[in-house]
1. Take every Cα pair under 8 Å in region 1-93 that's 6+ residues apart, average their separations, divide by the length, and report that relative contact order as a whole percent.
2. State which entries of Lys210/Lys240; Lys33/Lys169; Lys26/Lys257; Lys26/Lys240; Lys26/Lys255 exceed 25 angstrom in Cα-Cα distance in the structure shown.
3. Quick check: convex hull of the Cα atoms in region 76-115, volume per residue, rounded to a whole Å³?
4. Could you state the orientation-averaged shadow area of the convex hull built on the Cα atoms of region 79-235, in nm² to one decimal?
5. Can you tell me which of Asp279, Asp235, Asp226 moves the most in a GNM of the chain? Springs connect C-alpha atoms under 10 Å apart.
6. Region 266-291 to region 158-205: how many Å between their Cα centroids?
7. Below 9 angstrom from the Cβ of Gly67, what's the summed charge of the other residues (Lys, Arg +1; Asp, Glu -1)?
8. Suppose the chain between Arg23 and Asn165 were pulled fully straight at 0.36 nm per residue; how much longer would it get relative to their current alpha carbon spacing?
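The values are calculated or read from the model by the stated rules, or taken from the named source; none is laboratory data. This is a predicted model, so every value here is computed, not measured. Here the Cβ is made from the backbone with ideal geometry for all residues, glycine too, and neighbour counts use every protein chain on show. With ligands, DNA and RNA removed, areas are computed over all heavy atoms of the protein, side chains included. Shrake-Rupley method; radii C 1.70, N 1.55, O 1.52, S 1.80 Å.
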Amino acid sequence: MIPHRSDHSATISALRNASPYIRLYKGKIFVVKAGGAVFGDPALTRALMEQISILHHLGVRVVMVHGGGPQLTQVTEALGVPTRMVQGRRVTDERSIDATSMVLNGLINTRILAICRELNIDAVGLSGVDAGLVRAHRRAPVRMAGEAELVDFGFVGDIDTIGINVISKHLESGLMPVISPLSADDSGTLLNINADTVAAALGAALGAEKLILCTAAPGILERVEDPTSIVSYTDLAGLKRMRDEGRIIDGMLPKAKAIEDAIRGGVRRVHVISYRADDSILAEVFTNEGTGTLIVADVNALSAAEQHGAA
């Protein structure tokens, strides 16, 4: 008796539909940034890394940047150091910069590398301190809208230059860099930098095809209070309009700035997706419909198919 064979048509159809994207993106650089919240959930972490593994094994040259905000908050509060956020950006004082290094360069980065080993990804951990990857200076006190006094962000850095040699060498060797956003100034003082900002700067410096921001939100929302009001696609003008109208707030503010910097720096497409949605990265990359929000320089450059449901 010949055993029954299951119907593989759905799998074959999916491969056929994805094959143009696979050919298009093989050898291209994707910068994928994931916030620290995802790494507090083992199941979500594994699902995210499995998708990145598929990209890597299909020949996409992935550069991963990670945050660690929730874990850092836990550690600093355990040390009796209160957390202060100003318009989505963390104030880092002298007592918390060492904890920042321990959490970002130690706990989170090492956990990611351990999962990479399990998934057979040849990955290497880096931070902005390594080989002059991210050169920065300490941010001077600044006046922020809605704040009565100048805001001193403490040991927080603003990026001066990106040195891509160390990343390029790893990519040429078939390695996937996993990067912590911690950096230092020229005197060796450690500086904390927003991970979205680092990811955008790396994407621009590397000439990345895509910057993918994995967040808790399903994408950029038309109405903040309505998680179903996902903006399928927009451009820099639309992003500015949403910010001016107060529809981009809190933690999405630094993301919006990073998106603008990435696109103006030469990144072709930026995607904001949810790490909570099933296979969100793969759906965003290998289908027209996608799952989150696509941001480009000008929506008029999108094809008709893309404007009717692409990401």
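1. Numbers: 69 pairs, mean separation 26.5, N = 93.
So the answer I get is 28 percent.
2. Values: Lys210/Lys240 20 Å; Lys33/Lys169 20 Å; Lys26/Lys257 28 Å; Lys26/Lys240 32 Å; Lys26/Lys255 27 Å.
Pairs exceeding the cut-off: Lys26/Lys257; Lys26/Lys240; Lys26/Lys255.
3. 75
4. On the way: hull surface 48.2 nm².
Dividing the Cα hull surface by four gives the mean projection, 12.0 nm².
5. Asp226
6. Each part reduced to its Cα centre gives a spacing of 23 Å.
7. Working: positive: Lys33; negative: Asp196.
That works out to 0.
8. Numbers: separation 142, 0.36 × 142 = 51.12 nm, distance 2.61 nm.
Here the segment from Arg23 to Asn165 would lengthen by 48.5 nm.
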